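Engineer: Please read through the structure below; I'll follow up with questions.
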Amino acid sequence: MSFHPQMPYGEGWHKSERATAEPGPPFAFSAEHRAQLEELCTHYPPERRKSAILAALYLVQAQQGYITGNAMRHVAEVIGCTAADVEDVVTYYVMFFTRPVGTYVLQVCRTLSCALNGAEQVTAALCRHLQVAPNQTTADGMFTVMEFECLGACDRAPVVMVNNEHWHECQRPEDVAGLVDGLRTGGLASLSTCHLVKERT
Ligand code: FES
């Protein structure tokens, strides 16, 4: 006789409520990205390959643009961990996308300093210029507008970040058309990264 209660395992009782990513198309690293990942893994002790999950996910995003369930499973196989380990990282960090995004992802900080300095108006101007709502991508697949939390440049609010990498500070609603049109015609080369010398007027 057992004193353990009967638990209905396998009947939906023991499952996470968390929504999982769409499986998406089949995914495997290109030879180049796999080689890059293996090189990065040499920076960690062999028993700590899991430390390279972040780097692996950046490579997935570079290759496919966003991270699917199949990509997470592939990363888990390559790293030697569980798909749940990979999913934990994907869902914790905001720089990973689990659905398709535009060529240029424009993320407007909405945290306090930026909010007080007009971030909402910057987002509205971007959305108006691109004719999308926040979190939407333009019909031509070029731009996605998102709201983001603090980007660490609060003294130069409001801040817009392009593709997880390029900060544009002290942005005003009237600046965003130039930012977008520059990307459209000149790509990332049109960006001047930080607008550190720009003064608010
Ligand atoms: S509040 Fe926007 S960068 Fe910190």
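Engineer: Count, please, the residues in the stretch 168-178 that happen to be more than 15 Å from the ligand (Cβ to nearest atom) and buried (at least 21 other Cβ atoms within 10 Å of the Cβ).
Structural biologist: The first filter runs over the stretch 168-178 and keeps only residues more than 15 Å from the ligand (Cβ to nearest atom), leaving 173-178.
After this cut, where a residue has to be buried (at least 21 other Cβ atoms within 10 Å of the Cβ) as well, the list is 176.
Of the residues in that region, 1 qualify.
Engineer: Take Y58 and decide whether it is touching a Lys or Arg at 6+ places or on another chain (Cβ under 8 Å), of a type in the set (F, W, Y), under 26 Å from L183 (Cβ atoms) and not assigned by TED's automatic domain parsing to the domain that holds V162. Please lay out each step first, then the result.
Structural biologist: On the way: touching a Lys or Arg at 6+ places or on another chain (Cβ under 8 Å): no; of a type in the set (F, W, Y): yes; under 26 Å from L183 (Cβ atoms): yes; not assigned by TED's automatic domain parsing to the domain that holds V162: yes.
So Y58 fails the test.
Engineer: Looking at this structure, is V159 within 16 Å of the ligand (Cβ to nearest atom), farther than 23 Å from Q61 by Cβ and surrounded by 15 or more Cβ atoms within 10 Å (Cβ to Cβ)?
Structural biologist: Details: within 16 Å of the ligand (Cβ to nearest atom): yes; farther than 23 Å from Q61 by Cβ: no; surrounded by 15 or more Cβ atoms within 10 Å (Cβ to Cβ): yes.
For V159, the condition - within 16 Å of the ligand (Cβ to nearest atom), farther than 23 Å from Q61 by Cβ and surrounded by 15 or more Cβ atoms within 10 Å (Cβ to Cβ) - is not met.
One line per residue, one yes/no per condition, for (1) touching a residue at least 12 places away in the same chain (Cβ under 8 Å); (2) of a type in the set (F, W, Y); (3) closer than 29 Å to T68 by Cβ; (4) away from the ligand (no atom under 15 Å from the Cβ):
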{"residue": "V90", "(1), (2), (3), (4)": "yes, no, yes, yes"}
{"residue": "V94", "(1), (2), (3), (4)": "yes, no, yes, no"}
{"residue": "G102", "(1), (2), (3), (4)": "yes, no, yes, yes"}
{"residue": "A124", "(1), (2), (3), (4)": "yes, no, no, yes"}
{"residue": "H129", "(1), (2), (3), (4)": "yes, no, no, yes"}
{"residue": "T138", "(1), (2), (3), (4)": "yes, no, yes, yes"}
{"residue": "G141", "(1), (2), (3), (4)": "yes, no, yes, yes"}
{"residue": "L151", "(1), (2), (3), (4)": "yes, no, yes, no"}
{"residue": "H166", "(1), (2), (3), (4)": "yes, no, yes, no"}
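The values are calculated or read from the model by the stated rules, or taken from the named source; none is laboratory data. For clarity, every value in this text was computed on a predicted model and none was experimentally measured. Glycine also receives a Cβ, built like all others from the backbone with ideal geometry; neighbour counts cover every protein chain displayed.
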